[in-house]
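The values are calculated or read from the model by the stated rules, or taken from the named source; none is laboratory data. The structure presented is a predicted model; accordingly, all values stated were derived computationally and were not measured. Note that we place each Cβ from the backbone using ideal geometry, even for glycine, and neighbour counts take in every protein chain shown.
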Amino acid sequence: PVEHFLSDYQPLSFAIDDVFLTFELQPTATLVSNKMQMRALQAATQLWLDGEQLELLSVELDGEDITASCEVSEAGMSVPTAGKKEFVLLIRTRISPQDNTALEGLYRSSGNYCTQCEAEGFRKITYFFDRPDCLSLFTTKIIADKSANAVLLSNGNLIDSGDLDGNRHFAVWQDPFKKPCYLFALVAGDLACHQDRFIAADGREIDLRIYVEPKNIDKCEHAMQSLIRSMQWDEQRFGLVYDLDIYMIVAVDDFNMGAMENKGLNVFNSKFVLAKPDTATDVDYEGIEAVIAHEYFHNWTGNRVTCRDWFQLTLKEGLTVFRDQEFTADMLSPAVKRIEDVKALRNNQFPEDAGPMSHPIQPQSYIEMNNFYTMTVYEKGAEVVRLYHTLLGEQGFRQGMDLYFQRHDGDAVTVQDFRNAMADANHVDLSQMHNWYIQSGTPVVSVESHYNASEQTLTLNFRQRLNTGNEDFKPLLIPVRLALFDHSGQALVLKSKDPQLKLYADQNHEGLFEFNKPQQSLTFTEVSAQPLVSLFRGFSAPVIVEFDQSNQELALLAQCDTDSFVCWESIQTLALREIKRLVDSYAEKTNWMVSEAFTNAFSALVKDEKMDKALKALALSLPDLTYIGEQYEVINPDAIYHARKFLQQQLAQQNIEQWLKLYSELNQSTEYRYHKDDIAQRKLKTVCLQYLTQLDDYIELAEAQFDHADNMTDALASLQCLSHTDTAARKRALGDFYDKWQDDTLVLDKWFALQAASHHIHALEHVKQLVEHKDFVYTNPNRVRSVLGVFGRLNLLGLHRADGKGYQFLAEQVIKLDALNPQVAARMVGPFTHWQRYDGQRQQMMKQALEMILAQESLSKDVYEIASKSLR
Ligand code: B3K
Ligand code: ZN
């Protein structure tokens, strides 16, 4: 397979100014005619177009048939242009959407036609410059059988439609904005439409449409309201107004990822559109609101200003994730959203960055671009955008955004262009930010504090390095938001002469320290007693912090810090220390004990009635298994699982009265509302139930909740508690749930996922049965992710079984899946990439699994890239 390098970038030598596409849709023989108005940009030599899995029918150059003189290969075709400066190229090809199980290009889902072109799927539709810096005006004519395809959609505005002979009809769509082909979309089928409208800031009325299968028409209102809120928010926060008169969203069941921001015609995984209280959980509702917003925000950050090449992916994704995070924070709770995002980053991006697939947010090379839609490019990328925001402030950031659009609207640009706009708009030098884009690995910041009583000074010594141990590491610009507290919990007024420290206006209680050298120290004066140090408030940079604070200091910070992230973090660190102590004494687990200091602090928290319910739920939740694992060079799955479980049981037992009281207070049923107060209440109730069901006596509470739940959040929470037990109640509830929901695909995914994540002793056997289940289908990515994805990511005990059967199973499944859908198969290889983190025996077995995968003939480049790089 070919590896592509950023350093090889060459600008295009031809432009495609206009494209007229005609599709004659047939399940196994769709005819695509592609008429391109082209222009040579240089005294061009060769015209080479990307094209894969296409049946070429004919090529015409300015009306002349030149098919015979075109050279076709597996990757594309070269076309002789006879040195013409301007010409029209007409290419006719045939494709089979019906057989397209890779779900890239034009394919069918539930009998409807849809497309997915990003990153390089357009070349499976027709020959083209399938790269983001080729910007063209698209007109699309769709011709199809009328009875099966009442709805015919593409990007832009509908400019013509009508009937044809043989019970066929057509529609012509024209997109007035130039765009790269990855934003092209076509949808046709039997779809129902949920409609609303939005009056834009400039007074235009925008027609909003959500297309779904007719049976789902009652599940669109939340998505529609989310869209309206996104449009409003982007106008208010960034002054960005929608540019077409129609915005369409189509929900399909078979989709490789969450959704796609095609110009004016988003195609969505139905999971991120459909919701009703009895079928969708709070997490689903939040996910829908966030993904609808994310795709909408791409209209400016991604579509109007796009990427020069795919190495710039974080330019649009990091920025758009940052924007959707800010949106969700404003819709729900900023404090809760920040903590949830940090958890996700630590659980998923940190491990990725510590493993063999580690890459900078601007990767330097790829074999299969689809493999680089990663947590690093997206979530770490968003953290890097957040750094600009932290450094420049809201106003400075907005000025940077305004300049970015002013300079680059309608262009395909690079991450440097974004940085320059931020710097120039604020008249500052941000060149050091470059180092965040080119280095992989997680930065580690170690801090030592020295208090000098006679001088009344506090000095903080900072050092930075990368966890990859890279020797020629280039220092990063790391903004450290910090505060000091006295031991009665009062914030101190900060006094320092350090020019690298900026004090915030709010009475100088918080500072922003620009830490940008390998080592640097910061001194505060007039500090009358040794203070508590609150560092990286709001998680002001995506780093690992090494700072030795005593348990007592952490317990105090947990109580007094005005920054909810540091409060939460302090409690998590205390819990983590307990768990690590237990893990380290796993061999003597009969003597396991939990420290009184911790249980006292924890009990105080359970009793706390003033704390925000959502934050309380987060604080009472123990660190996730993956994050605990990340603390170790060699992960011992059994020790980690049992240590966490033991702590959970102890905390359940010791606070039993409180849990029962709290649970019954919270377990008041009111009609479901998607509102942050209600979400918080359900969340905290779930945490109570999770502790209570650690004790056999209270499993019946979960059963009762399951039987009486009138919304999916409560039903699923209780079923999840039951799923980890080995009880008759588990069996009964899973059976009832299946009977009730077997016809609802998205709900059934939850049923599969719960079992795949279950810590039941026979988890692996259950998962093996799940892939044999009549409702399991390899061609549906959501179903595959619900079983294989969840098993690989969350089933620590099942996957890492000492006998290696978990690995064997997953490897076989990857191979099976690769023949159908390489993109999804490649994601399932993820768990194996961390093989170096396990003991010798497991390492051996995980490597064997990777080798077994690599030994397959006709392996996709998607799976090949991940598996081979992991063994490198
Ligand atoms: N841009 C798409 C992701 C495309 C993934 C291609 N494998 C969705 C998004 O990030 O908004
Ligand atoms: Zn995106």
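Numbers below:
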item: So Gln439, is it surrounded by 13 or more Cβ atoms within 10 Å (Cβ to Cβ) and in contact with a strand residue (DSSP E or B) (Cβ under 9 Å, 6 or more places away or on another chain); result: yes
item: Any chance Cys220 is buried (at least 19 other Cβ atoms within 10 Å of the Cβ) and either under 28 Å from the mean Cα position of the chain (by Cα) or in contact (Cβ under 8 Å) with a residue 40 or more places away in the chain (or both); result: yes
item: Identity of the residue in region 357-370, within 20 Å of the chain's Cα centre (by Cα) and assigned to a loop (DSSP other than H, G, I, E, B), that ends up farthest from Trp436 (Cα to Cα); result: Glu368
item: Region 378-416 - residue that is away from ligand 2 (no atom under 16 Å from the Cβ) and of a type in the set (Ser, Thr, Tyr) and, of those, farthest from Asn348 (Cα to Cα); result: Tyr404
item: Residue that is surrounded by the most Cβ atoms within 10 Å (Cβ to Cβ) [pool: residues in region 271-312 that are small (Gly, Ala, Ser) and away from ligand 1 (no atom under 16 Å from the Cβ)]; result: Ala280
item: Arg673 vs. criteria closer than 30 Å to Asn711 by Cβ and surrounded by fewer than 17 Cβ atoms within 10 Å (Cβ to Cβ); result: yes
item: Qualifying residues in region 235-266 (those that are more than 15 Å from ligand 1 (Cβ to nearest atom) and acidic (Asp, Glu)) - the one farthest from Glu205 (Cα to Cα); result: Asp253
item: Members of region 226-258 found to be of a type in the set (Gly, Ala, Ser) and surrounded by fewer than 24 Cβ atoms within 10 Å (Cβ to Cβ), listed by number; result: Gly239, Gly258
item: Within region 454-468, tally of residues that are surrounded by fewer than 20 Cβ atoms within 10 Å (Cβ to Cβ) and closer than 16 Å to Lys495 by Cβ; result: 4
item: Meets criteria (touching a Leu at 6+ places or on another chain (Cβ under 6 Å), crowded, with 23+ Cβ neighbours inside 10 Å and modelled with pLDDT of 95 or more) for Thr126; result: no
item: Boolean, Glu64 is within 20 Å of Thr115 (Cα to Cα) and either touching a helix residue (DSSP H, G or I) at 6+ places or on another chain (Cβ under 6 Å) or not β-branched (Val, Ile, Thr) (or both); result: no
item: Neighbours by Cβ (under 9 Å, 6+ apart or cross-chain): first from region 75-101, outside the structural domain of Met38 (by TED's automatic domain parsing) and farther than 20 Å from Arg131 by Cα; second among the β-branched types (Val, Ile, Thr) and outside any strand (DSSP E or B); result: none
item: Failed criterion for Tyr672 (all others in (1) in contact (Cβ under 8 Å) with a residue 24 or more places away in the chain; (2) under 23 Å from Ala756 (Cα atoms); (3) not aliphatic (A, V, I, L, M) hold); result: (2)
item: Given (1) of a type in the set (Lys, Arg); (2) within 16 Å of ligand 1 (Cβ to nearest atom); (3) farther than 19 Å from Ala259 by Cα, number of the condition Lys337 does not satisfy; result: (2)
item: Region 757-770 residues that are without any contact (Cβ under 8 Å) to a residue 24 or more places away in the chain and on the phi < 0 side of the Ramachandran plot, paired with ones that are of a type in the set (Ser, Thr, Tyr) and crowded, with 18+ Cβ neighbours inside 10 Å (beta carbon under 9 Å, 6 or more apart); result: His766/Ser758; Leu770/Ser786
item: Candidates Leu244, Leu240, Leu274 - the one that is assigned to a loop (DSSP other than H, G, I, E, B) and closer than 19 Å to Ile142 by Cβ; result: Leu244
item: Matching option when the condition is surrounded by fewer than 16 Cβ atoms within 10 Å (Cβ to Cβ) and not acidic (Asp, Glu), among Gly840, Gly804, Gly792; result: Gly840
item: 3 or more residues touching a strand residue (DSSP E or B) at 6+ places or on another chain (Cβ under 8 Å) and over 17 Å from Tyr247 (Cβ atoms): qualifying strands (runs of 3 or more DSSP E) within region 132-192; result: 137-145, 157-164, 168-174
item: Helices (runs of 4 or more DSSP H) contained in region 734-800 and holding at least 2 residues over 20 Å from His834 (Cβ atoms); result: 745-757, 763-772, 781-784
item: Qualifying residues in region 792-810 (those that are over 24 Å from the mean Cα position of the chain (by Cα) and aliphatic (A, V, I, L, M)) - the one farthest from ligand 2 (Cβ to nearest atom); result: Ala802
item: Residue that is small (Gly, Ala, Ser), in the same structural domain as Gly393 (by TED's automatic domain parsing) and assigned to a helix (DSSP H, G or I), where the choices are Ala329, Ala293; result: Ala329
item: Within region 252-269, tally of residues that are in a loop (DSSP other than H, G, I, E, B), within 13 Å of ligand 2 (Cβ to nearest atom) and within 16 Å of Val824 (Cα to Cα); result: 2
item: Residues located in region 512-532, provided they are part of a strand (DSSP E or B) and either of a type in the set (Lys, Arg) or under 22 Å from Ala453 (Cα atoms) (or both); result: Gln520, Ser521, Leu522, Thr523, Phe524, Leu532
item: Hits in region 13-46 (condition: charged (D, E, K, R) and either at pLDDT below 95 or closer than 24 Å to Gly166 by Cα (or both)); result: Glu24
item: Residues (of a type outside the set (D, E, K, R) and either in the same structural domain as Glu352 (by TED's automatic domain parsing) or buried (at least 16 other Cβ atoms within 10 Å of the Cβ) (or both)) located in region 629-647; result: Gly629, Ile635, Asn636, Pro637, Ala639, Ile640, Tyr641, His642, Ala643, Phe646, Leu647
item: Unique residue being within 22 Å of Thr374 (Cβ to Cβ), touching a Lys or Arg at 6+ places or on another chain (Cβ under 8 Å) and not in a loop (DSSP other than H, G, I, E, B) when the list is Val824, Val863; result: Val824
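Results for (1) of a type in the set (A, V, I, L, M, F, W, C); (2) assigned to a helix (DSSP H, G or I); (3) out of contact with any strand residue (DSSP E or B) (no Cβ under 6 Å at 6 or more places or on another chain); (4) at pLDDT below 95, shown as yes or no for each residue.
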{"position": "Leu557", "(1), (2), (3), (4)": "yes, yes, no, no"}
{"position": "Cys567", "(1), (2), (3), (4)": "yes, yes, yes, no"}
{"position": "Ser570", "(1), (2), (3), (4)": "no, yes, yes, no"}
{"position": "Leu582", "(1), (2), (3), (4)": "yes, yes, yes, no"}
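Okay, residues lined up against (1) surrounded by fewer than 22 Cβ atoms within 10 Å (Cβ to Cβ); (2) more than 16 Å from ligand 2 (Cβ to nearest atom); (3) without any contact (Cβ under 8 Å) to a residue 40 or more places away in the chain:
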position	(1), (2), (3)
Thr314	no, no, no
Glu317	no, no, no
Val321	no, no, no
Ser333	yes, yes, no
Val336	no, yes, no
Ile339	no, yes, no
Val342	yes, yes, no
Asn347	yes, yes, no
Asp353	no, yes, no
